[in-house]
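Q: There's a structure below that I have some questions on.
Each reported figure results from applying straightforward, stated rules to the coordinates on display, with no laboratory input. Treat the numbers as computed from the prediction; the structure is a model and nothing was measured. Heads up, the Cβs are rebuilt from the backbone with ideal geometry, glycines too, and the neighbour counts pull from every protein chain shown.
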Amino acid sequence: MCGIVGLFLKTPRLEDQLGHHFSRMLATMGSRGPDSSGFAIYGNPAPPGSLKVTLQHPADAFDWSAVADSLGERFYKRPTFRVVSTHAVFTVAAAEAEVRKLLGSAHPDVTIMSVGMNIEIMKEVGTPESVIARFGLEKVVGSHAIGHTRMATESAVTTQGSHPFSTGFDLCLVHNGSLSNHSRLRDNLRREGIVFQTDNDSEVAAGYLTSHLRKGETLAGSLTHALQDLDGFYTFTVGTSRGFAVLRDRIACKPAIIAETDEYVAMASEFRALAVLPGIAEARLWEPEPATVYSWSRAA
């Protein structure tokens with residue numbers, strides 16, 4: 001089945017409450033996806049000239065200082081980093097392509113979860129409750145968040161196969177459903193230079209959006225093209241540095257519901273994940289229409 005949740009705060013005044021509300025939403029979707037869980041948080045941007053790189057290694061006691069040393073030697077300044085369970089978030093003064101190249105050669109056992117100015121992705125095998133506790137999600141501060149609880153259907157239950165997937169700068173995607181033409185699309189996207197870490201069909205959808213965005217298309221335009229090129233069933237929620245978007249396939253096979261107030265926009269696979277939010281009784285509620293792109297963002 002899988003469960004999706006997203007929470008976008010319209011005002012910075014509420015950013016210190018993001019983790020509290022979002023973690024409750026994610027936990028509520030546990031029955032839809034007990035295999036693994038993950039989330040993307042947007043907030044605390046990297047300083048100008050730097051970027052944030054979220055990395056993962058399966059060992060709880062992994063020596064992240066060795067990675068910092070490698071980055072410092074290559075880019076002449078040792079990056080700062082913080083460790084969160086099996087993940088570490090580095091702030092690096094370098095270009096994305098150079099960081100990816102160095103990590104791929106010097107630390108191939110480390111997985112790049114996300115790269116961007118604002119995004120941090122953390123995910124692991126286990127129930128949402130265990131992931132929330134592991135990464136201290138309840139105390140996270142930010143502008144918006146997207147999460148997923150997985151019941152695996154198309155690939156193995158692994159950390160890398162969990163959602164969200166990020167194949168581009170500050171971009172991520174979560175997916176409820178399945179794609180039937182992902183193998184062919186993956187081959188085509190690889191020829192364009194899109195890098196995939198798994199055989200998961202949902203990662204192909206993320207790569208597809210990255211490809212179109214790199215060609216100068218808007219997110220709304222890229223999602224509209226997806227309706228023509230992605231075969232299968234899907235509800236997508238896509239995160240960007242400024243906001244998020246929701247799209248269902250042409251027959252709206254997979255569930256979704258959206259709530260909007262003056263202070264936030266929230267989406268989930270089921271209403272019970274929205275019922276935990278403050279002011280939900282006064283919110284405007286609706287089921288997103290098939291083949292229609294919905295998006296929200298803050299001003300740049």
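Q: When ranked by the protection proxy of mean other Cβ atoms within 10 Å per residue, highest first, what sequence do the peptides 53-65, 82-94 form?
A: Those peptides, ordered most packed to least, come out 82-94, 53-65.
Q: Going highest first, how would you order 141-152, 242-253 by mean Cβ packing within 10 Å?
A: Answer by packing, highest mean first, reads 141-152, 242-253.
Q: Can you find, among GLY33, PHE75, LEU102, the residue sitting farthest towards the positive end of the charge dipole of the chain, where Lys and Arg contribute +1 and Asp and Glu -1 at Cβ?
A: PHE75
Q: For the chain, what does -39500 (n - 2.57) per DSSP helix run (n ≥ 4), summed and divided by total residues, give at 222 nm, in deg cm²/dmol to the nearest 500?
A: Details: 7 runs with 77 residues, N = 300.
Mean residue ellipticity, 222 nm, calculated: -8000 deg cm²/dmol.
Q: Find how much the distance from ALA97 to VAL141 grows on full extension, using 0.36 nm per residue of separation minus their present alpha carbon separation; answer in nm with one decimal.
A: Working: separation 44, 0.36 × 44 = 15.84 nm, distance 2.79 nm.
Once the chain is fully extended between ALA97 and VAL141, it gains 13.1 nm.
Q: Given R₀ = 30 Å, what would the calculated FRET efficiency be for ALA220 paired with ASP187, taking r from the Cβ atoms and rounding to 0.05?
A: Working: r = 26 Å, r/R0 = 0.88.
Efficiency, from the Cβ-Cβ distance: 0.70.
Q: Between ALA106 and THR11, what FRET efficiency comes out of the Förster formula 1/(1 + (r/R0)^6) with R0 = 51 Å and r the beta carbon distance, rounded to 0.05?
A: Details: r = 42 Å, r/R0 = 0.82.
Taking R0 as 51 Å, the efficiency between THR11 and ALA106 is 0.75.
Q: Sort 184-195, 125-136 for me by packing, meaning the mean count of neighbouring Cβ atoms within 10 Å per residue, highest on top. It would help to have the intermediate numbers written out before the result.
A: On the way: 184-195: 14.0, 125-136: 19.2.
Descending mean neighbour count gives 125-136, 184-195.
Q: Need the list of lysines near LYS77 for cross-linking: C-alpha distance under 26 angstrom, and skip anything on the same chain fewer than eight residues off.
A: Within the straight-line limit of under 26 Å, LYS77 reaches these lysines: LYS52, LYS101.
Q: Determine the gain in length on full extension of the stretch ASP60-MET117; use 0.36 nm per residue of separation and subtract their C-alpha separation, reporting nm with one decimal. Mind showing how you got there, number by number?
A: Numbers: separation 57, 0.36 × 57 = 20.52 nm, distance 2.57 nm.
Extra length from ASP60 to MET117 when fully extended: 18.0 nm.
Q: Can you check what the net charge comes to around PHE90, using other residues whose Cβ is under 9 Å from the Cβ of PHE90 (Lys, Arg +1; Asp, Glu -1)? Don't skip to the end; give the middle numbers.
A: Numbers: positive: LYS52, ARG82; negative: none.
It works out to a net charge of +2.
Q: What size of dipole, in debye to the nearest 20, comes out for the chain about its Cα centre when the only charges are +1 on Lys and Arg C-beta atoms and -1 on Asp and Glu C-beta atoms?
A: Values: 28 positive and 32 negative charges, 83 e Å.
So the dipole magnitude of the chain works out to roughly 400 debye.
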